[in-house]
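Here the structure comes first, spelled out in structure tokens, and everything after it is commentary.
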Amino acid sequence: MKVDGSCHCGKIKFEAEIDPNSVTICHCTDCQRLTGTAFRVSVPAAASSLHFITGMPKTYRKTADSGRQRMQGFCGDCGTPIYSTSTDEHPTHYGLRVGSLAQRNQLIPQQQVWLRSALPWLPDMPCATSYECESF
């Protein structure tokens, strides 16, 4: 499925190809803090399909409690999260933030991870698969 997205202020615009059946909710505490809310929803896109039409995200290297590092791409002006990816010089995939995609209403999460960190006031979110991660 072809998707397009942008940051809130419109300085960054992009497009990519994704599998709409690969949308994931992550409840880890890093995602809660980085999104400023209860969880993060993302969908993977091959690096070869991600094209920035205008602007380029600023990046931040985050280190999880496990020691694993991930690059976070966001708008340096309005702060909109755009993606996460590996710290490799040439990543193969990006986890696009569903909230930045124009087609977000069509992208229904199929799995959720890090349930032990889910906030207790959230309603049940039925997904095809739910599981705990051992490292992040």
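Taking a 1.4 Å probe, which of 89, 17 shows the most accessible area, and what order do the others take after it? Each step should come with its number before you reach the end.
Values: 89 160, 17 95 Å².
Of 89, 17, the descending order of accessible area is 89, 17.
Per residue of segment 46-60, what does 6.51 cos²θ - 1.76 cosθ + 1.60 with θ = phi - 60° give for ³J(HN,Hα)? Whole Hz please, x for Gly and Pro, Karplus curve as stated.
So the Karplus estimates, Gly and Pro as x, are 4, 4, 5, 9, 8, 10, 8, 8, 9, x, 9, x, 7, 10, 9 Hz.
Among 49, 8, 130, whose Cα projects farthest towards the positive end of the dipole of the chain, with charges put on the beta-carbon of Lys, Arg (+1) and Asp, Glu (-1)?
The residue sitting most towards the positive pole is 8.
How high is the relative contact order of segment 35-132, in percent, counting Cα pairs under 8 Å that sit 6 or more residues apart? Could you put the intermediate results ahead of the total?
Numbers: 128 pairs, mean separation 23.9, N = 98.
Averaging sequence separation for qualifying contacts and normalising by length gives 24 percent for segment 35-132.
Going toward the positive end of the dipole of the chain, with +1 on Lys and Arg Cβ and -1 on Asp and Glu Cβ, which of 113, 96, 21 do you reach last?
Ranked along the dipole, the leading option is 96.
Over segment 1-94, average the accessible area per residue using a 1.4 Å probe and give it in Å², no decimals.
Working: 5040 Å² over 94 residues.
Value returned for segment 1-94: 54 Å² of accessible area per residue.
In whole Hz, with x marking every Gly and Pro, tabulate ³J(HN,Hα) for segment 24-38 from phi via Karplus 6.51 cos²θ - 1.76 cosθ + 1.60, θ = phi - 60°.
Per-residue couplings from phi come out as 10, 9, 10, 9, 4, 5, 5, 5, 4, 5, 5, 8, x, 8, 7 Hz.
Using a simple spin-label model with points 7 Å from Cα along the Cα→Cβ vector, what separation in nm is obtained for residue 104 and residue 124?
2.6 nm
Multiplying the sequence separation of residue 49 and residue 8 by 0.36 nm and subtracting their Cα-Cα distance, what value in nm do you get?
Values: separation 41, 0.36 × 41 = 14.76 nm, distance 2.19 nm.
That works out to 12.6 nm of additional length.
Of 94, 60, 83, which has the most accessible area with a 1.4 Å probe, and how do the rest follow in descending order? Walk me through the numbers before you get to the answer.
On the way: 94 40, 60 120, 83 20 Å².
Reading off the accessible areas and sorting them downward yields 60, 94, 83.
To the nearest 20 debye, what is the magnitude of the charge dipole of the chain about its Cα centre, counting +1 on the Cβ of each Lys and Arg and -1 on the Cβ of each Asp and Glu?
Details: 13 positive and 12 negative charges, 76 e Å.
Charge dipole of the chain: 360 debye, to the nearest 20.
The values are calculated or read from the model by the stated rules, or taken from the named source; none is laboratory data. Only a predicted model underlies this, so the values are computations on that prediction, with no experimental measurement involved. So basically every Cβ, Gly included, is an ideal-geometry build from the backbone, and we count neighbours across all protein chains shown. Please note that ligands, DNA and RNA were not included when accessible areas were found on the heavy atoms of the full protein model with its side chains. Shrake-Rupley method; radii C 1.70, N 1.55, O 1.52, S 1.80 Å.
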